[in-house]
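The values are calculated or read from the model by the stated rules, or taken from the named source; none is laboratory data. Given the structure is predicted, the values throughout are model-derived calculations rather than measurements. Neighbour counts are summed over all protein chains in view; Cβ atoms, including those assigned to glycine, are modelled from backbone coordinates with ideal geometry. In case anyone asks, the SASA skips ligands and DNA or RNA and just uses the protein heavy atoms, side chains included. Shrake-Rupley method; radii C 1.70, N 1.55, O 1.52, S 1.80 Å.
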Amino acid sequence: MKVAFICVNYNNASISISYIENVQKIKSNNNVKIIVVDNASKEGDYKILNNYIENLQDDSISLIRSKQNLGYFNGLNIGIKQALNDGFNEYQIIGNNDIEFSSDFLEVLRVINLKENEMILSPDVVTTEGIHENPHVIEKISFFRWLKHEVYFSSYYIACLITLFYSAERKPKLFDSERKYIHMGIGALYVLTPNFFSKFSELWDKVFLYGEEAILSGQILSVDGKILYEPTLRCFHNESATTSKLTSKSKYKITRESYKIYKKYL
């Protein structure tokens, strides 16, 4: 099975190194390509990662450096293009670099039978706190939830109050064992299937950061495709290794700008 693993690095070389080491452990006898896209990290961070990969002397591992920070999906698209050029149009596993895959991830992927319209697989993504992030959004949001989004993005201070209340009321999401179609999967990790590449050669990259889940949903729906939550595929998520570096106000500003674009796909 030919599989490309693609992630984005931004000033966290040690996390990308752990990602590479994990993929190497699970690849078994599969034809695996690892592509790390560096999103204009600081010179020191880039050199650490570049030196590590050069010392491995492994042609199956590539580091591509972008001269500017292109954002999440834009960065992934660089890796997707390279993987396609290298002939990896069967499966591409794309997402954060703060992901650790279960030891049987590729063995499970190998035996999944796909229908023609099943373009994206969303695995069971488990946080360090044991919260299962998928299935993220099963159906399109209700009017009430849409209204909450509108209020949230009307003011930073209102957003702080809503976040405070939501955090206090939030309950841990438990494991869902039912394989099902969903509206949106969590953005930390997706498996692009051969059916995706029969229609597309890249992700819609309409935002810099945040809201990618909704935009990907819109992309798949545009060709009557499906996103499938697959509970037998499991990985672990060390949450927000990059976005945690942003201040809350900076994060809110970026999210609000993205919301203007992605809200029509919710």
Hits in the stretch 1-25 - residues which are among the hydrophobic types (A, V, I, L, M, F, W, C) and either closer than 18 Å to K47 by Cβ or crowded, with 19+ Cβ neighbours inside 10 Å (or both): V3, A4, F5, I6, C7, V8, A13, I15, I17, I20, V23
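State all residues of the stretch 78-111 that are of a type in the set (A, V, I, L, M), in contact (Cβ under 8 Å) with a residue 40 or more places away in the chain and open to solvent by 20 Å² or more (accessible area, probe 1.4 Å); if no residue qualifies, say none.
I78, L84, V108 - these are the residues of the stretch 78-111 that are of a type in the set (A, V, I, L, M), in contact (Cβ under 8 Å) with a residue 40 or more places away in the chain and open to solvent by 20 Å² or more (accessible area, probe 1.4 Å).
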Which listed residue is assigned to a helix (DSSP H, G or I) and either under 26 Å from I254 (Cα atoms) or over 17 Å from the mean Cα position of the chain (by Cα) (or both), from K148, K206, K140: K148
Selection count where residues are outside any loop (DSSP other than H, G, I, E, B) and open to solvent by less than 20 Å² (accessible area, probe 1.4 Å), scope the stretch 51-77: 7
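Test K180 against the criterion of being open to solvent by 20 Å² or more (accessible area, probe 1.4 Å), modelled with pLDDT of 90 or more, touching a Phe, Trp or Tyr at 6+ places or on another chain (Cβ under 6 Å) and not small (G, A, S), and give yes or no.
Details: open to solvent by 20 Å² or more (accessible area, probe 1.4 Å): yes; modelled with pLDDT of 90 or more: yes; touching a Phe, Trp or Tyr at 6+ places or on another chain (Cβ under 6 Å): yes; not small (G, A, S): yes.
Criteria met by K180.
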Residues of the stretch 100-123 that turn out to be assigned to a strand (DSSP E or B) and among the hydrophobic types (A, V, I, L, M, F, W, C), as a count: 4
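Let's see how each residue does on (1) under 26 Å from F105 (Cα atoms); (2) touching a His at 6+ places or on another chain (Cβ under 7 Å); (3) open to solvent by less than 80 Å² (accessible area, probe 1.4 Å); (4) without any contact (Cβ under 8 Å) to a residue 60 or more places away in the chain:
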residue	(1), (2), (3), (4)
Y157	no, no, no, yes
T163	no, no, yes, yes
L174	yes, yes, no, yes
G187	yes, no, yes, no
N195	yes, no, yes, no
L209	no, no, yes, no
L216	yes, no, yes, no
S222	no, no, yes, yes
Residue match in the stretch 38-58 (condition: farther than 20 Å from E230 by Cα and under 18 Å from the mean Cα position of the chain (by Cα)): yes
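Here is a check on your reading of the model: is D45 acidic (D, E), assigned to a helix (DSSP H, G or I) and out of contact with any Leu (no Cβ under 8 Å at 6 or more places or on another chain)? It would help to see each step written out before you state the result.
Working: acidic (D, E): yes; assigned to a helix (DSSP H, G or I): yes; out of contact with any Leu (no Cβ under 8 Å at 6 or more places or on another chain): yes.
Yes: the conditions hold for D45.
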